[in-house]
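A.B. asks: Got a structure here, written out as structure tokens. Questions coming.
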Amino acid sequence: MAQDTTQDSRSKEQTAPDPEDPRKPGSPTDLTKPSWGYVFKRALSEFSKDDCTDLAASLTYFAVLSLFPALLAIVSLLGVFGQGEATTRAITDFLDQYAPAELVTLLENPINNLTTSTGAGIALLTGIVGALWTASGYTGAFGRAMNRIYEVEEGRPVWKLRPMNILVTLMLVLIVVLIMLMVLISGGIAQFVGDIVGLGDTTVTVWNIAKWPVVVILAVVLIAVLYYFTPNVKQPKFRWISMGSIVALLVAALAAAAFVFYVSNFASYNATYGIIGSVIVLLLGLWIMNNVLLLGAEIDAEVERSRQLQGGIKAEKTIQLPPRDTRQVDKKEEKWDKLVDLGRKLRLGHEHIDYSSGDSGRNGTKEGAAASGRGTGDPTRSS
């Protein structure tokens, strides 16, 4: 499979049409009804073929590593501005509404200590650096998943890939922090901001109404950045909204609502596992969200495939988009060839040994050395 992907990447570099090839429909809205039917049918098939549930589990691991440094940065940021008490109340109110009681009890005192600590500035810096470091792992993992979806191998050299991942990570961390602030900020914090800008109580009312559309917009930007910049393919022009992102947002909202309802009314994780149950709930929630993101990516990939097919481009087997770079693919291939050659020498150096006989195993080394020595002389010489 890996070798096939390598060959496909090299072939696409030479033969894949331009991402904006004029033969394709100019917009996904120009796809016919049969093409849309093919998009969703193939997306579901590719989702299973690409083992996206396993990829989502990997992404969940990196998301967990990134979540707590980001939360530390948010709490510390608001603590720096003297809103430690309001921040604690906002976070605990949010947890009271959506998290098990055991988790609220466990986190309330640490959060309170952090927001009231005189070292909030140091904690803020630590949280930002930690969030960037761990979130870059998520960005890299998402890029590898996208490469599988678009049927290419990562070919960008480290000096080119790493800066791109860091830049994307900076954008992602900023967006995630803003989303979490939008969700957490309410009441006293909004009043505090309103007093600063001179709007008073009006700020609270406006904020409670306006924050949710802003959260949706930020989520759209986050998905667009992930879908466009992480894979090693030259995609058509950047789009803020795609069919995949729309489906991802809708399914994510429905999945989140269904999951919260299930956990609140039917699940018994806390009764069975205690505080570990809260961790299980968190992991399941993140895993579901990552599955949704990958499903949206599959849909976008199949929209591009259907555009190519409708334009007469042979994309029924593999999506015809050129890779951004293949230099790393060449290096990997060289290392692979060296390992194959080494394995071949190992096989040829021991092919004369018959391990089925009782003494061959003990004498194999000496016989192998003798055979190797004879092999360097006259090939007609008898053994």
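A.B. asks: 5 Å is the cut-off here: which amide hydrogens, built 1.01 Å from N in the peptide plane, fall below it relative to Val233, excluding neighbours closer than 5 in sequence?
C.D. replies: Sorted by chain and number, the residues that satisfy this are Arg324.
A.B. asks: Sort Ile299, Ile280 by Cβ crowding within 10 Å, fewest neighbours at the top.
C.D. replies: Working: Ile299 25, Ile280 15.
Ascending number of Cβ neighbours within 10 Å: Ile280, Ile299.
A.B. asks: Still on this structure, please answer the following. Beta carbons within 10 angstrom, averaged per residue: use that to sort the peptides 242-249, 23-30, highest first. Could you put the intermediate results ahead of the total?
C.D. replies: Numbers: 242-249: 21.0, 23-30: 13.6.
Going by the mean number of other Cβ atoms within 10 Å, highest first, we get 242-249, 23-30.
A.B. asks: Applying a 10 Å radius around every beta-carbon, put 288-298, 227-237, 251-261 in order of their mean neighbour count, most first. Mind showing how you got there, number by number?
C.D. replies: Numbers: 288-298: 23.8, 227-237: 19.7, 251-261: 13.8.
With the highest mean Cβ count within 10 Å placed first, the list reads 288-298, 227-237, 251-261.
A.B. asks: Another question about this same structure. Calculate, in nm to one decimal, what Val158 and Ile209 gain on full extension: separation in residues at 0.36 nm each, minus their alpha carbon distance. Present the calculation step by step, with values, prior to reporting the outcome.
C.D. replies: On the way: separation 51, 0.36 × 51 = 18.36 nm, distance 4.46 nm.
Extending this stretch completely gives an extra 13.9 nm.
A.B. asks: Filter Lys24/Lys211; Lys12/Lys41; Lys12/Lys335; Lys49/Lys234 down to the pairs with a C-alpha to C-alpha distance above 27 Å, please.
C.D. replies: Lys24/Lys211
No value in this document is a laboratory result; all are computed from the given coordinates. Predicted model, so just to flag it, every value in this text is computed and none were measured. Glycine gets a Cβ as well: all are built from the backbone with ideal geometry, and neighbour counts include every protein chain shown.
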